[in-house]
Amino acid sequence: MSLPLLFLGSATGVAALIDLLALQNEPTLQSELSLSAPLLFGFAAGLALFSADQVQWRFRWQRLSLRIAYPLAMVACAVALDAFTLPIGAALIIGPIAAVLLAAMLMRNAATRDKADYLTS
């Protein structure tokens with residue numbers, strides 16, 4: 001469930017770093033970063049939809065409602081928002097934290113999957 005949100009945070013950090021290093025003539029941490037909401041939330045909705053079967057749902061109502069409602073909420077954000085802005089400094093704080101958490105989650109998932117494959121064979 002956290003994969004789409006960690007993707008959003010990581011992508012925001014990468015965009016802030018690119019904007020700060022390459023695109024601005026006089027880079028400052030107080031300047032604003034404008035991001036494409038349809039692009040980011042569209043990718044996040046796709047991640048939520050395609051990774052929903054990997055979530056171990058505890059209750060049937062979660063499997064039935066959240067599996068569909070969570071990606072639809074992100075699609076609604078993609079449709080409703082044109083762009084969103086936040087300070088580059090905040091994006092540079094959020095981005096690395098989200099990237100580290102995303103990498104840790106993916107490595108833990110790979111280790112769990114490898115362990116399960118080893119036990120079944």
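With Cα Rg over 2.2 N^0.38 Å in mind, check (i) 1.35; (ii) 1.26; (iii) 1.10 and report the label derived from this structure.
(ii)
What 222 nm value per residue comes from the helices of the chain, counting each DSSP H run with n ≥ 4 as -39,500 (n - 2.57) and dividing by all residues, nearest 500 deg cm²/dmol? Mind showing how you got there, number by number?
On the way: 4 runs with 78 residues, N = 121.
Mean residue ellipticity at 222 nm (helix-derived): -22000 deg cm²/dmol.
Which ³J(HN,Hα) values in Hz, rounded to whole numbers, follow from the phi angles of the range 60-68 under the Karplus curve 6.51 cos²θ - 1.76 cosθ + 1.60, where θ = phi - 60° and Gly and Pro get x?
5, 5, 5, 4, 7, 9, 5, 4, 9
Give the peptides 30-36, 40-46 in descending order of average Cβ contacts within 10 Å, highest first.
Details: 30-36: 14.0, 40-46: 19.6.
In decreasing order of mean packing, 30-36, 40-46 become 40-46, 30-36.
If I take R0 = 41 Å and measure r between the Cβ atoms of residue 82 and residue 57 in this structure, what FRET efficiency does the formula 1/(1 + (r/R0)^6) give, to the nearest 0.05?
Values: r = 33 Å, r/R0 = 0.82.
Efficiency computed from Cβ-Cβ geometry: 0.75.
Lys and Arg at +1, Asp and Glu at -1: add these up for the other residues within a Cβ distance under 11 Å of residue 53 and post the number. Please list the in-between numbers first.
Working: positive: 63, 67; negative: none.
Local charge sum for residue 53: +2.
Hey, can you rank 93-99, 2-8 by average C-beta count inside 10 Å, highest first?
Numbers: 93-99: 16.7, 2-8: 18.6.
Taking the mean over residues of other Cβ atoms within 10 Å, the ranking is 2-8, 93-99.
Explain nothing, just the number: relative contact order of the chain, from Cα pairs under 8 Å at least 6 residues apart, as a whole percent. If you can, show how the numbers build up before the last one.
Values: 123 pairs, mean separation 52.7, N = 121.
Computed value for the chain: 44 percent relative contact order.
Using a basic spin-label model with each label point 7 Å from the Cα along Cα→Cβ, how many nm lie between residue 30 and residue 90?
Roughly 1.6 nm, to one decimal.
Going by Cα centres, the range 37-59 and the range 65-111 are how many Å apart?
10 Å
Since every read-out is calculated from the coordinates, none of them should be taken as a lab result. Keep in mind that this is a model prediction, so the values were computed, not measured. Neighbour counts are summed over all protein chains in view; Cβ atoms, including those assigned to glycine, are modelled from backbone coordinates with ideal geometry.
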